[in-house]
Amino acid sequence: MVEKSSKGPGPSGKRIAVIPGDGVGKEVIPEAVKVLKAAAAAHGREISLVEFDWGADRFLRDGTTLPADAPEMFRREYDAILLGALGDPRVPSNQHGADILLGLRFKLDLYVNLRPCTLFDQRLTPLKNRGEKDVNICVIRENTEGLYSGVGGFFKKGTADEIATQEDINTRKGVERIIRYAFEFAVGRGYKRVCMSDKSNALAFGHDLWQRVFKEVRREYPAIESSHMFIDNLLMQMVRDPSQFQVIVTCNLFGDIASDVGAGLVGGLGVTPSGNIHPGQVSLFEPVHGSAPDIAGKNIANPMGAVLAAAMMCEYLECNDVARGIEDGVRAAIREGATTVDLGGSLSTLAAGEWLKNKVALS
Ligand code: NAD
Ligand code: IPM
Ligand code: MN
């Protein structure tokens with residue numbers, strides 16, 4: 001599917017590692033790669049793509065998850081990683097998914113998970129009378145700590161007295177850098193509002209730190225309107241009136257949940273991309289959705305989340321012309337109804353990818 005490049009990219013060429021992963025990841029990533037190649041060619045940009053077969057099949061075959069030298073190899077040899085999804089019913093523990101996806105987020109210190117939820121067309125939202133201006137929310141999720149830190153354990157596992165702990169790790173450095181990123185992002189993109197969401201009314205230690213750091217950092221950005229909402233209220237408010245939000249910054253678990261709610265407001269998981277970013281370093285781009293075992297193998301998954309993730313990656317790599325070409329292609333497809341069934345169209349995954357490829361080739 002992805003060509004192994006025999007020669008490396010030119011001095012200005014971008015080197016992309018591609019991990020399709022599992023389930024629909026293996027269907028949407030080939031489409032995203034086709035679209036990316038066509039858009040790059042249209043703008044005279046050179047990219048090289050190398051595919052990695054990490055995922056459930058490989059794990060079940062030989063036990064490989066994330067090879068020990070992978071993070072260093074990515075830092076040394078690649079500019080970015082494009083990933084599909086990980087998760088397979090044959091691996092109920094999701095061990096390979098945790099090792100590969102969470103492993104890369106943690107080991108590459110990709111502390112920002114940037115998840116834009118953009119309403120490309122009014123028809124796509126389940127809300128009444130809402131347009132693009134009303135639903136344009138960027139969820140900025142802390143991506144390297146919190147309840148995802150993997151600190152915890154079992155005691156007396158499997159007995160009636162069993163205890164399971166899962167620690168919520170919040171560091172001064174981690175909280176401060178994500179909150180500062182959110183403000184910088186707002187300033188850089190011309191957003192006026194940042195809302196921090198936590199659960200400090202119940203989580204009196206970890207989220208007290210979020211409160212104190214937020215109050216400190218926001219003083220540095222007097223031009224940005226900053227606010228706070230508890231996560232339970234935030235999710236309700238997102239559904240009730242999404243226009244009140246522009247940038248939302250929150251912890252790892254809450255950001256995971258808020259970004260799926262955001263996806264629901266703009267057409268579902270088929271259309272939302274995400275960037276796992278450490279500014280200035282090799283970063284990873286993927287759709288927000290998972291491996292979708294319920295539709296995997298049917299050639300009906302929407303490739304747009306993966307395609308838009310490739311566009312985010314291009315923007316990150318300062319190939320803004322390519323990014324814009326891809327995003328315009330997606331807008332055109334939605335406008336013209338050239339979509340998969342989740343968005344009301346009748347195209348297969350392959351046909352939707354082909355349509356986008358042909359469109360961006362003219363961009
Ligand atoms: P999911 O995102 O895979 O699917 C949720 C719902 O959205 C399903 O109804 C699915 O059919 C639909 N959907 C997802 N992607 C779609 C697409 N491209 N087009 C149209 N519809 C789409 O979430 P889940 O069902 O909770 O999880 C399935 C597996 O994926 C689990 O193993 C989970 O751990 C894993 N997962 C992985 C990632 C990731 O790799 N980043 C993200 C989420 C879930
Ligand atoms: C996501 C996914 C992952 C997460 C899972 C698969 C571990 O839901 O990327 O949103 O919770 O971060
Ligand atoms: Mn998720």
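The values are calculated or read from the model by the stated rules, or taken from the named source; none is laboratory data. Since this is a predicted model, take the numbers as computed values, not measurements. Here the Cβ positions follow ideal geometry from the backbone for every residue, glycine too, while neighbour counts run over all protein chains shown. Just the protein is used for accessible areas: all its heavy atoms, side chains included, with ligands, DNA and RNA removed. Shrake-Rupley method; radii C 1.70, N 1.55, O 1.52, S 1.80 Å.
For a label point 7 Å from the Cα of R90 along Cα→C-beta, name the residues of segment 272-316 whose backbone N is under 17 Å from it.
Label zone hits: 291-298.
Only Cα pairs within less than 10 Å get springs; with that Gaussian network setup on the chain, which residue of T159, T340, T250 has the largest fluctuation?
Sorting by GNM fluctuation, first place goes to T159.
Extending each Cα 7 Å along its Cβ direction at L362 and R61, get the distance between those two points in nm, one decimal.
For L362 paired with R61, the spin-label model returns 4.0 nm.
Could you order peptides 170-180, 67-77 by the average number of other Cβ atoms within 10 Å of their residues, highest first?
Highest-to-lowest ranking by the protection proxy: 170-180, 67-77.
Using the basic label-point model (7 angstrom from Cα toward the beta carbon), what is the D328 to S227 distance in nanometres?
It works out to 3.5 nm between the two label points.
Please name whichever of A263, N320, G206 sits farthest to the positive end of the charge dipole of the chain, dipole taken about the Cα centre and charges placed at Cβ: Lys and Arg +1, Asp and Glu -1.
N320
For K157, list the aspartates and glutamates whose Cα falls under 20 Å from its own Cα; do not include residues on the same chain fewer than 8 positions away.
E167
Suppose R0 equals 30 Å. What FRET efficiency, 1/(1 + (r/R0)^6) with r the Cβ-Cβ distance, do E216 and A164 give to the nearest 0.05?
The computed FRET efficiency comes out at 0.30.
Per-residue HN-Hα couplings for segment 69-76, Karplus 6.51 cos²θ - 1.76 cosθ + 1.60 at θ = phi - 60°, whole Hz, x for Gly and Pro?
8, 4, x, 5, 4, 5, 4, 6
Roughly how big is the chain's charge dipole about its Cα centre, with Cβ charges of +1 (Lys, Arg) and -1 (Asp, Glu), in debye to the nearest 20?
660
For E132 and A68, calculate 0.36 nm times their separation in residues minus their Cα-Cα distance, and state this gained length in nm to one decimal.
Residue separation times 0.36 nm, minus the Cα-Cα distance, leaves 18.7 nm.
Spit out the partnerless Cys residues in the chain, using Cβ distances under 4.7 Å as the pairing rule.
Cys with no partner Cβ under 4.7 Å: C117, C138, C195, C251.
Before I look further, what does segment 168-302 give for accessible area per residue, probe 1.4 Å, in whole square angstrom?
Value returned for segment 168-302: 41 Å² of accessible area per residue.
Leaving out same-chain residues fewer than 8 places away, which aspartates and glutamates sit with a Cα under 17 Å from that of K357?
Within the straight-line limit of under 17 Å, K357 reaches these aspartates and glutamates: E3, E27, E31, E46, D321, E327, D328, E336.
Which whole-number value in Å² is the accessible area per residue of segment 1-132, probe 1.4 Å?
Computed with neighbouring chains in place, this is 44 Å² per residue.
Starting at the first residue of segment 313-319, write each ³J(HN,Hα) from the Karplus equation 6.51 cos²θ - 1.76 cosθ + 1.60 with θ = phi - 60°, in whole Hz, x for Gly and Pro.
Along segment 313-319, the couplings run 4, 4, 5, 4, 8, 6, 9 Hz.
By average Cβ neighbour count within 10 Å, what is the ranking of 323-332, 37-46 from highest down?
Averaged packing, sorted descending, gives the order 323-332, 37-46.
Among DSSP bridges having both ends in the chain, what percentage is antiparallel? Round to the nearest 5.
In the chain, approximately 40 percent of DSSP beta bridges are antiparallel ones.
Quick check on packing: order 120-126, 14-20, 149-155 by the mean number of other C-beta atoms within 10 Å, highest mean leading.
The most tightly packed comes first, giving 14-20, 120-126, 149-155.
Find the centroid of the Cα atoms in segment 277-340 and in segment 43-84, then give the distance between the two in whole Å.
So the separation of the two Cα centres works out to 18 Å.
In square nanometres and to one decimal, what's the mean projected area of the convex hull around the Cα atoms of the chain?
With the hull built on Cα positions only, its mean projection is 19.2 nm².
Heavy atoms only, probe 1.4 Å: what % of the accessible area of the chain goes to carbon and sulfur, would you let me know?
Carbon and sulfur atoms account for 52 percent of the accessible area of the chain.
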